[in-house]
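Enquirer: Here you go, one structure.
The values are calculated or read from the model by the stated rules, or taken from the named source; none is laboratory data. Owing to the predicted nature of the structure, the values given are computational and were not obtained by experimental measurement. As a convention, Cβ positions derive from the backbone with ideal geometry for all residues, glycine included, and neighbour counts pool all protein chains shown. We work out accessible area using only protein heavy atoms, side chains counted, and drop any ligands, DNA or RNA first. Shrake-Rupley method; radii C 1.70, N 1.55, O 1.52, S 1.80 Å.
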Amino acid sequence: LKVLIVGDSFAEALGAGLRSKEAETGLKFFLRGEKATFIPEWAGPKRGVAGMIASLKPDVVLIALGGNELSMTTPDIRGPKVKELAKLMGSTPCVWVAPPLWGNKDNGLLAVIRDNSLPCRYYDSTKLAPDLPRGSDKIHPTAEGQKKWADYVLGWLKNERDASAATFT
């Protein structure tokens, strides 16, 4: 199976953890992340998400975005852009992997993402956040943290996937 990961620095962190699992899982991970990016950038034509999906033909897309917007005072304005990005997935199964919170309170963005990301599924990373090893910035996961996060996401995908289906469902 081919897995495309798109998003910000958290996508890069998750992607690094997932890539370390390629040999043991037999999955192929394609990372298209960029630091300091925001949901609207990925929802529009600037990042070329629709083209990535058309050329790579992934079996599933993981979207890891939102970490840079956790300090917004009006996160609800992101709802339409979350919907727009989710629509770019077309018929490709997708999961929006929420950023693992770090010490600050959720500003409501995670609910905005959860409520607007259909047809994508929503994976809440906050349950692992207290135990996620963080780097010197106290925000981004260390290499160990990246692998731990990847293990959680892979376990969730395995449990949630319909293994009897011919394609990823």
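Enquirer: List residues of segment 92-116, by number, whose backbone nitrogen lies under 17 Å from a label position 7 Å along Cα→C-beta of residue 128.
Expert: 95-103, by backbone N distance to the label point.
Enquirer: Order these peptides, 16-29, 146-159, by their mean beta-carbon neighbour count within 10 angstrom, highest first.
Expert: Top of the packing list down: 146-159, 16-29.
Enquirer: A further question follows. Keeping the other protein chains in place, figure out the carbon and sulfur percent of the accessible area of the chain, with a 1.4 Å probe.
Expert: 54 percent
Enquirer: Same structure, new question: Please report, for the Cα atoms of the chain, the Rg to one decimal and the Dmax as a whole number; what are they, in angstrom?
Expert: 14.8, 44
Enquirer: Accessible area per residue for the chain in Å², computed with a 1.4 Å probe and the full protein assembly in place, what is it?
Expert: Ligands and nucleic acids excluded, the result is 48 Å² per residue.
Enquirer: Quote the relative contact order of segment 21-169 in percent (integer), defining contacts as alpha-carbon pairs under 8 Å separated by 6+ residues.
Expert: Here the relative contact order equals 20 percent.
Enquirer: To the nearest 20 Debye, how big is the dipole of the chain about its Cα centre, given +1 on the beta carbon of each Lys and Arg and -1 on that of each Asp and Glu?
Expert: Charge dipole, the chain, about its Cα centre: 260 debye, nearest 20.
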